[in-house]
Amino acid sequence: MTTNAEFFAWISSQAGVSALIGDRIYPCQLPQGVIYPCIRFLRDDDGGFKDFDGQGGTLMTELQIDCIADTLTQAEAIAAEVSGAMKNYTGAMGGRTVQRVSLESEFDAYEPSLAEGKYRVSQAWTIWHY
């Protein structure tokens, strides 16, 4: 299973997130005719961690998660549920064992290019796993 598929399966299983957006979670690009609110996620990096003996068994994945909705309040509510599920998470995420998840940054934006303009809360996460 790929990183994108594993993340989709894991975040979809989080009750607070799915209560707000169902399964409207998309990698990279929103599909044409998308129904809002939704989440778009982008994998920024998937590289290894070097230790003193060479390539370590721990990998780092950076994800950008965009919570997109009709109002800023909706987008913030989705982002809060994502944060509650992800912040300091340890355990299984698909075939990976997550050692640590940390929020690196978060910001709000308005997307006039999306249908009728939408609001977005973007979060940058670092996931350490093996």
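Before moving on, here are some points about what is shown:
Yes or no, residue by residue, for (1) in contact (Cβ under 8 Å) with a residue 12 or more places away in the chain; (2) outside any strand (DSSP E or B); (3) under 17 Å from Trp10 (Cα atoms):
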position	(1), (2), (3)
Thr58	yes, no, no
Ile68	yes, no, no
Thr73	no, yes, no
Glu76	yes, yes, no
Ala85	yes, yes, yes
Val98	yes, no, yes
Ser105	yes, no, no
Arg120	yes, no, no
Ile127	yes, no, yes
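- Filter result for the condition that a residue is surrounded by 15 or more Cβ atoms within 10 Å (Cβ to Cβ), aliphatic (A, V, I, L, M), over 21 Å from Ile21 (Cα atoms) and modelled with pLDDT of 90 or more, over Val98, Val121, Val82: Val98
- Restricting region 10-44 to residues that are of a type in the set (Val, Ile, Thr) and not in a strand (DSSP E or B), the residue that is surrounded by the fewest Cβ atoms within 10 Å (Cβ to Cβ) is Ile35.
- Of all residues in region 80-130, those satisfying the criterion of being closer than 16 Å to Leu63 by Cβ and touching an Asp or Glu at 6+ places or on another chain (Cβ under 7 Å) are Met93, Gly94, Arg96, Arg120, Val121, Ser122, Gln123, Ala124, Trp125, Thr126.
- For region 83-109, a residue qualifies if it is β-branched (Val, Ile, Thr) and touching a Phe, Trp or Tyr at 6+ places or on another chain (Cβ under 9 Å), and the qualifying residues are Thr97, Val98, Val101.
The values are calculated or read from the model by the stated rules, or taken from the named source; none is laboratory data. All of these numbers come straight from a predicted model, not from anything done at the bench. Reconstructed Cβ throughout: ideal geometry from the backbone, glycine too, with neighbour counts over all protein chains shown.
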